[in-house]
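> Attaching a single structure in structure tokens format; questions to follow.
Derivation of every value follows stated rules applied to the coordinates shown; laboratory data play no part. In this text the structure is predicted, and so the values were computed from the model without any measurement. Using ideal geometry, Cβ is built from the backbone for each residue, glycine included, and neighbour counts are taken over all protein chains shown.
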Amino acid sequence: MAQDTPLEVLVGQRLKALHRTVGTAESCTGGLIAHLLTEVAGSSAYVLGGIVAYANSAKEQLLGVPASLLIQHGAVSEPVAVAMAEGARRALRVDYAIGVTGIAGPGGGTPEKPVGLVHMAIATPHGTFPSVFNWNSNDRTLNKERSAEAALRLLLERLG
């Protein structure tokens, strides 16, 4: 794997080689992951779509996230990230889906859920795999960029 090759290119190459598709369900990244994936020429062969579900109502209506999960765990939680990824996989009819939810900042954090906390999950044909990150930063742009990069790395790992 060439270090100077952008992650989105590596992900695209792997998806094409495997004849697999991907979609996204994004909250705190606001569509940045889908943007990066679609910056690659020919990405329409494997990127089927993306859903930016910022509000809880959008998470429920577009991705099928149960209201009970949002109430019990909050939007920024592992169960919600998992439900978002699985919902995107169903809604977009893709092989792989990324779900990301977090607190980009600079405000909105609490001691339990600080700014920079991000939950994500990769839904695959073989299960859904959650991860959590805390970027320890109040820089909104940096948190979004780090989250998008982490999501692409996680996807690449799952693609083998």
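> Ranking request for peptides 33-43, 102-112: highest mean number of other beta-carbon atoms within 10 Å first, then the rest in descending order.
The peptides rank, most packed first, as 33-43, 102-112.
> If you don't mind, another one. Using only alpha-carbon positions, what ratio does the radius of gyration of the stretch 84-160 give when scaled by 2.2 N^0.38 Å? If you can, show how the numbers build up before the last one.
Working: Rg = 13.1 Å, N = 77, 2.2 N^0.38 = 11.5 Å.
Taking the Cα Rg and dividing by 2.2 N^0.38 Å, one obtains 1.14.
> Under a GNM of the chain (C-alpha, springs under 10 Å), which listed residue has the highest mean-square fluctuation: L18, L62, L92?
L18
> OK, next. Can you tell me what share of the DSSP beta bridges in the stretch 21-159 is antiparallel? A percent to the nearest 5 is fine. Please list the in-between numbers first.
Values: 14 of 24 bridges.
In the stretch 21-159, DSSP labels about 60 percent of beta bridges as antiparallel.
> Tell me what the chain gives for mean residue ellipticity at 222 nm when only DSSP H runs of n ≥ 4 count, each as -39,500 (n - 2.57), the sum divided by the residue total, rounded to 500 deg cm²/dmol.
Details: 6 runs with 69 residues, N = 160.
Mean residue ellipticity at 222 nm (helix-derived): -13000 deg cm²/dmol.
> For a label point 7 angstrom out from the Cα of T141 toward its Cβ, which stretches of the stretch 25-51 have the backbone nitrogen within less than 17 Å?
29-33, 36
> Could you check the simple spin-label distance between Q61 and H35, using points 7 Å along Cα→Cβ, in nm with one decimal?
2.4
> On a straight-distance basis, which aspartates and glutamates could pair with K113 in a cross-link, Cα separation under 16 angstrom, same-chain partners fewer than 8 positions away excluded?
Once the sequence-local aspartates and glutamates are set aside, what remains near K113 is E78, D139.
> Would you list which aspartates and glutamates come within 13 Å of K144, measuring only between C-alpha atoms, while excluding same-chain residues fewer than 8 positions from it?
E26
> Quick one: among Q61, Q13, Q72, which has the greatest mean-square fluctuation in a GNM of the chain with alpha-carbon springs under 10 angstrom?
Looking only at Q61, Q13, Q72, the biggest GNM fluctuation is shown by Q72.
> Just the Cα atoms of the stretch 1-105, one point each, no solvent: what log10 I(q)/I(0) does Debye give at q = 0.15, 0.20, 0.25 Å⁻¹?
The calculated log intensity ratios at q = 0.15, 0.20, 0.25 Å⁻¹ are -0.60, -0.94, -1.25.
> A follow-up question, please. Quick one: which of 52-59, 82-89 comes out on top by average Cβ neighbours within 10 Å, and what's the full order, highest first? List each step's numbers first, then the result.
Details: 52-59: 17.0, 82-89: 26.1.
Descending packing order for the listed peptides: 82-89, 52-59.
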